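Notes for the one structure printed next.
The values are calculated or read from the model by the stated rules, or taken from the named source; none is laboratory data. Not measured: the values here are computed from a predicted model. Cβ sites come from the backbone with ideal geometry, for glycine too, and all protein chains shown count toward neighbours. SASA here: full protein model, heavy atoms, side chains in, ligands and nucleic acids out. Shrake-Rupley method; radii C 1.70, N 1.55, O 1.52, S 1.80 Å.
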Amino acid sequence: MSRIGKLPVKLADKTKATVSGRQVSFEGPKGKMVVQLPAKGVKVTVAGNEVRVEREDESREARSLHGLTRTLLANAAKGVSTGFERRLDIRGVGFRAEVKGKTINLTLGYSHPVVFDLPEGVTAEVDKAARTEDGLPTLGLTLRSADKEALGAAAVKIRALRPPEPYKGKGIKYATEKIRRKEGKTGTA
């Protein structure tokens with residue numbers, strides 16, 4: 001039995017879940033979300049404030065989908081109740097970010113400004129107070145969304161605009177990410 005799959009998904013106070021066919025709909029304070037279930041292998045039941053995932057049979061496919069389905073449902077339930085957040089750090093002299101509606105205007109040391117369009121359901125916020133680490137100014141960018149998958153995809157695309165380099169640490173990195181620094185060249189006289 002899957003250790004993850006057999007755990008029930010607890011719903012928060014103002015969160016509702018309904019099952020219709022092969023879809024599970026969640027509704028909460030942060031929005032609505034629909035999770036599409038696999039064609040076969042698992043079935044979902046809602047009882048009170050719990051969502052349970054059970055296998056239809058003991059096939060290999062059903063066993064592999066059991067824990068995955070439960071995790072996807074748990075992420076949707078948490079997303080519509082409290083939401084998800086991802087922080088990015090933008091490090092470098094002259095590197096800036098500004099949020100205007102559904103776009104982020106970034107200055108990342110290129111000859112042109114970079115405009116990033118946020119996907120549906122993802123919001124961004126820039127920390128106004130830049131702090132200095134190792135002599136480089138660092139700016140914080142916070143992404144928020146109810147959809148964990150869309151949030152992660154947006155964070156990956158923003159990081160790919162200017163990945164951190166190992167010598168000075170300039171670029172865009174996740175707030176929790178550690179960059180392995182290299183020594184660089186040493187001049188001999």
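See the values below:
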| item | result |
| --- | --- |
| Solvent-accessible area per residue, Å², over region 40-189 with all protein chains present [probe radius 1.4 Å] | 60 |
| C-alpha center-to-center spacing [region 1-77, region 116-185] in angstrom | 32 |
| Accessible surface of the chain [probe 1.4 Å, protein heavy atoms]: carbon and sulfur percent | 51 |
| Given 100/170; 30/78; 32/173, the pairs whose alpha carbons are separated by over 19 Å | 100/170; 32/173 |
| Dipole of region 39-189 [Lys/Arg +1, Asp/Glu -1 at C-beta], most positive-end residue of 75, 152, 106 | 106 |
| Zone residues, region 19-38, relative to residue 144, backbone N less than 11 Å from point 7 Å out along Cα-to-Cβ | 30 |
| Proximal charge balance of residue 27 [Cβ under 11 Å; K/R count +1, D/E count -1] | +4 |
| Cleavage-rule hits (GluC sites (Glu not before Pro)) in region 65-136: DSSP loop, at most 16 neighbouring Cβ within 10 angstrom | 120 |
| Pairwise label distance in nanometres, residue 115 with residue 167, each label 7 Å out on the Cα-Cβ vector | 3.3 |
